1. Taking the mean number of other Cβ atoms within 10 Å as a proxy for protection, how do you rank 39-47, 76-84 from highest to lowest?
2. Considering only Asp195, Asp224, Asp92, give the residue with the highest GNM mean-square fluctuation for the chain, with springs between Cα atoms whenever their separation is below 10 Å.
3. Rounded to the nearest 500, what is the chain's calculated 222 nm mean residue ellipticity when only DSSP H runs of at least 4 contribute -39500 (n - 2.57) each, over all residues?
4. Can you sort Ser24, Ser64 by solvent-accessible area, 1.4 Å probe, largest first?
5. Please enumerate, by chain and number, the lysines with C-alpha under 21 Å from the C-alpha of Lys298, excluding those fewer than 8 residues away in the same chain.
6. Heavy atoms of the protein only, probe of 1.4 Å, neighbouring chains included. What is the accessible area of Tyr176 in Å², nearest 10?
7. Lys13: which lysines have alpha carbons under 18 Å from its alpha carbon, excluding same-chain residues fewer than 8 sequence positions away?
8. Multiply the residue separation of Glu122 and Leu181 by 0.36 nm, subtract the distance between their alpha-carbon atoms, and state the gained length in nm to one decimal.
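The values are calculated or read from the model by the stated rules, or taken from the named source; none is laboratory data. In this text, all values refer to a predicted model and were calculated from it rather than measured experimentally. Note that we place each Cβ from the backbone using ideal geometry, even for glycine, and neighbour counts take in every protein chain shown. To get the accessible areas, we keep the full protein, side chains included, count just its heavy atoms, and leave off ligands, DNA and RNA. Shrake-Rupley method; radii C 1.70, N 1.55, O 1.52, S 1.80 Å.
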Amino acid sequence: MQENVMTGEEERKIGIITDVQRYSLCDGPGIRTTVFLKGCRMGCKWCHNPEGHRRYPEVLPYTSNCTGCEKCLEVCPTGAITLIEPTVPRIDRTRCITCLQCVEVCAYDALVCWGRIVTAKEVIDEVEQDIVFFKNSGGGMTVSGGEPLAQPEFTLALFKCARKRGISTALDTCGYNKWELLEPILEWTDFVLFDIKHMDPQAHKDYCGTNNELILENARRIADKGIKMRIRIPIIPGRNDSEENLRNTADFIEQQLDKNNVIVGVDLLPYHPYAGAKYRLFGLDYPFPQGEGYPEEKLAQMVDLFVDRGFDVTVGG
């Protein structure tokens, strides 16, 4: 009876998600269904998912769909919307109250609401539809973001509900939150995808908005628990792709995380210019140049650096 009561309480937990992506092959072992939570406590300048930054639902413009009809301007009660060009709407976040009247009146989906409020049960009911794929492939549910630790109670509820239904769990995280909030989630976690963005504390603060002390300590603690981990490293030109930083990263993984053979591999995620299109679509400024992808020759040298230490390495994902 007590277990059923607990499950019911967890199923009623409320969170905010941006998407549920089915048949994902890059978010942990096997075939997975990935739940993207909204909100992130960091501010990485290269983030490829700007729609996931803020924790609450918000209106974002798809500028390519705008016809310049100006109906959104007419219904906005706070004057938060302006047209900076005839068909380029811009939203003042300090004035928008997310009433969604502009979304409702727009016939062309030029204004959409990113983020929906859901219960844990609603999410798990959707994830469970793929359970046959999980069982045949060794897959399960991955909670990503944004950042799952921006909604720790909801993430914990999702993992408890998933385990109760026989679904394996994976946490895709940057590791930035208090251990007291992370540890209860790990008790219900089968696999961790852990981001390491930079080894230098000051550089990490400059590029991501926080230093990395808490993040690296949480990585150590997760490894000490014996939970299998895959390390994910974004490769950003001129920010974290120096040989020194990558060697320091490899040293940290090898010497401080893999003492109990918990590291199953390393994912190198090279910068690509496609994120700029998303930023422009949403009417946002992207701080990186729009050009070619990351140089293959330099990327191959990085792969060798980790392979030489015995790690399984994938590129992209």
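1. Top of the packing list down: 39-47, 76-84.
2. Result for the chain, Cα springs under 10 Å: Asp92 fluctuates most.
3. Theoretical 222 nm ellipticity from helices: -9500 deg cm²/dmol.
4. These residues rank, largest area first, as Ser64, Ser24.
5. Lys197
6. Roll a 1.4 Å probe over it and Tyr176 shows about 50 Å².
7. Answer for Lys13, where 18 Å is the Cα cut-off: Lys38, Lys121, Lys160, Lys164, listed by chain and number.
8. 18.9 nm
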